[in-house]
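Inspection log for the structure reproduced underneath, given as structure tokens.
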Amino acid sequence: MGRDERCCTRCYPRSVPTKRKRHSVTETDEVGAALRRVEAATGGRPDLAELVVLGSEVKVRRTGEERRQQQRQVALRQRFLERTRTGEGIDVEALERARRAGWRHD
């Protein structure tokens, strides 16, 4: 391929001035709205690299929070199953009173 020939996407010449990966983002309605919000807030064109870095920090934090919440839920389920299996912490007399009373409140 000669110097002026282009790659299959016709965006860049075959030789690009970097050895780093390139990423493209299609401006969907949601992406466009986000870019316009940043532009309105900052008064200038958004720096996509900065947005990716900031967004990754938020994503990592949220993922960690979700993972901790899931782990907590698993631990609570395991605790419930163990208590159900062993009877630990269960007031058998209260259960018997509720069964006899038919769940009525006095």
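The values are calculated or read from the model by the stated rules, or taken from the named source; none is laboratory data. As the structure is a prediction and not an experimental result, all values here were calculated from the model. Cβ atoms come from the backbone with ideal geometry, glycine included; neighbour counts cover every protein chain shown.
State whether the residues of the range 27-37 include one that is within 19 Å of the chain's Cα centre (by Cα) and loosely packed, with under 10 Cβ neighbours inside 10 Å. Give the derivation first.
Taking the range 27-37 as the starting set, the residues that turn out to be within 19 Å of the chain's Cα centre (by Cα) are 30-31, 34.
From the residues that got through so far, the ones that are loosely packed, with under 10 Cβ neighbours inside 10 Å too are 30.
Taking every residue of the range 27-37 in turn, at least one turns out to be within 19 Å of the chain's Cα centre (by Cα) and loosely packed, with under 10 Cβ neighbours inside 10 Å.
For the range 75-104, a residue qualifies if it is of a type in the set (A, V, I, L, M) and either surrounded by fewer than 10 Cβ atoms within 10 Å (Cβ to Cβ) or assigned to a loop (DSSP other than H, G, I, E, B) (or both), and the qualifying residues are I90, V92, A94.
Whenever a residue of the range 23-51 is in contact (Cβ under 8 Å) with a residue 40 or more places away in the chain and in a helix (DSSP H, G or I), it has no partner that is loosely packed, with under 10 Cβ neighbours inside 10 Å and of a type in the set (A, V, I, L, M, F, W, C) lying with C-beta atoms less than 8 angstrom away and at least six residues away or across chains.
Residues considered: R14, R61. Of these, the only one that is surrounded by 10 or more Cβ atoms within 10 Å (Cβ to Cβ) and either modelled with pLDDT under 95 or β-branched (V, I, T) (or both) is R14.
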